[in-house]
Structures are given as structure tokens and as C-alpha cells.
Amino acid sequence: MDSRAQYNPRTVEEVFRDFKGRRADVEEFYNQCDPEKENLCLYGFPSEQWEVNLPAEEVPPELPEPVLGINFARDGMQEKDWLSLVAVHSDAWLLAIAFYFGARFGFDKADRKRLFNMINEVPTIFEVVTGAAKKQVKEKSSVSNHSGSKSKSNSKAQRAPEPQGRQQKALQAKDEDDELDEQEDDEHGETLCGACGEHYGTDEFWICCDICEKWFHGKCVKITPARAEHIKQYKCPSCSNKRTRP
């Protein structure tokens, strides 16, 4: 079969079918690309068949020509690397053929975009040869499952909206707590440390003596918040000295 025989798909769908038909697994052609032969090209047919052949003699050719001389590099490369190289050039040729038909038969911007989107949904030959296509399918499946389970967990985590009365009560309770905090800050604002005489600060740890009820900076009496948790009744240094005197 002559891969360069005239075939004129005229619609987006026909061009896409032609594009898919010319795609095939290039590995079986490894043995056909003998480096001892002349410059060879890898042609694809719309019938899903491939052919290794000499380039077209007519100038200019009827269709865009694939890359020339793919057989020369075969024995100088690893098989997988050579196949990947052929696959890249094959992908470029297939796109050239598809958009050649699009230009020849006057596809407008919308048609070209639709054709590209259809082609873009199909993995490239390079992705198939290198195994990237299978990896993408697995990752897509994994992401889909993850998003599905995540949406389920999110739906479980979502709580029904609270009644309006309960929301109002919660807001009132929060306002009351804020007022108490402000009052407490005002009260402590006039408090002086029993050791250094400095004013109370909200950003510092303070402790109150359970005997004389004076407030002290924790750092002034060498008491940390962690240590204070284990003290049942705190006595400031002054009160402790009074109790120990005879």
C-alpha cells in the first residue's frame, strides 16, 4: 500500500479519524530500519498500518513528509532511546498531517481548536513508548479516587446549620466573656508587682500570693507557668519568711 496515496478528510471528525488511524506501535519496525539501507522514513496509513520506505520523489510532496534517515541512528543508541526518538518525530509528523488537512480545507479557529482538543485527549506515541501514558492513567485514577473519598469525608464533616436562637445565645455568651476580659484587664491595669513595683502587663506571666493576695511577675519570684501548675497554694517570698520566723 502506498502511504502517500491521496486521501482527503474534509471534516474535523474525518481528520481526527485519519490521525488516529495513522498511529501505531513503532516497536515492531525496529528490525525494518536497517542502518545499512538508504535514508528511510516511517510512514503511517489511516488504516492503522505503518511502512518503512524511501522518501517521496515528487517535489513538493502531496503530504508533509516524515523525518528522513531514522534508520541511521538505530545501532548507535539504546533500543528504547531510539524508539523514543522515532516516536517524537512521528508525533510531530502526525500533527503536521492533521493540520495540513485543516488548512487545506479551510478549518476556522473553532474547528482547529476542536481538532486540537480531540487530538490532545489521546496519549502521544512518545508517551506510549516510554510508558508515561500508563503512569498518567494511574495518577488520574488515584486523584479521582482521592477526590471522591475527600468529598465524602467533607460531607460527613459538615454539620447542619444551628438554629438561629442557639446562634444568638452563643453570640451573647461570647460578648459577655469579652466584657469580663475587658473588666479584668482594667482591674489588673492598676496592679503593681509586689517585688519590682512595675504595672501589670497582659503579655507577661503573673502569680498571686494566696496569703497576702499581692501579685508578682513570675520572673521576679522565679516561678514559671509550668511550675505554677503544680503549686496548690502559692506563698510569696515575704510571706514564706514570715511563717518560718520563730
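Computed quantities for the displayed model
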quantity	calculated
Boolean, residue 42 is in contact (Cβ under 8 Å) with a residue 40 or more places away in the chain, among the aliphatic types (A, V, I, L, M) and part of a strand (DSSP E or B)	yes
Every residue from region 99-113 that is closer than 11 Å to residue 11 by Cα, of a type in the set (Gly, Ala, Ser) and in a helix (DSSP H, G or I)	102
Test: residue 90 is assigned to a loop (DSSP other than H, G, I, E, B) and closer than 29 Å to residue 117 by Cα	no
Test set (1) open to solvent by less than 50 Å² (accessible area, probe 1.4 Å); (2) closer than 24 Å to residue 118 by Cβ - residue 41 fails condition number	(2)
Residues of region 194-212 satisfying the condition of being more than 15 Å from residue 240 (Cβ to Cβ), in a loop (DSSP other than H, G, I, E, B) and out of contact with any Asp or Glu (no Cβ under 8 Å at 6 or more places or on another chain)	196, 197, 198, 201, 203, 204, 205
Extreme residue, nearest to the chain's Cα centre (by Cα), among residues of region 114-135 that are in a helix (DSSP H, G or I) and of a type in the set (S, T, N, Q)	120
Condition broken by residue 237, with the remaining ones in (1) at pLDDT 85 or above; (2) exposed (fewer than 13 other Cβ atoms within 10 Å of the Cβ); (3) not small (Gly, Ala, Ser) satisfied	(2)
Subset of region 67-80 [surrounded by 12 or more Cβ atoms within 10 Å (Cβ to Cβ) and not in a loop (DSSP other than H, G, I, E, B)]	74, 75, 80
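The values are calculated or read from the model by the stated rules, or taken from the named source; none is laboratory data. Keep in mind that this is a model prediction, so the values were computed, not measured. Neighbour counts run over all protein chains shown; Cβ positions are idealised from the backbone, glycine included. Heads up: the accessible areas ignore ligands, DNA and RNA and are worked out on the full protein's heavy atoms, side chains in. Shrake-Rupley method; radii C 1.70, N 1.55, O 1.52, S 1.80 Å.
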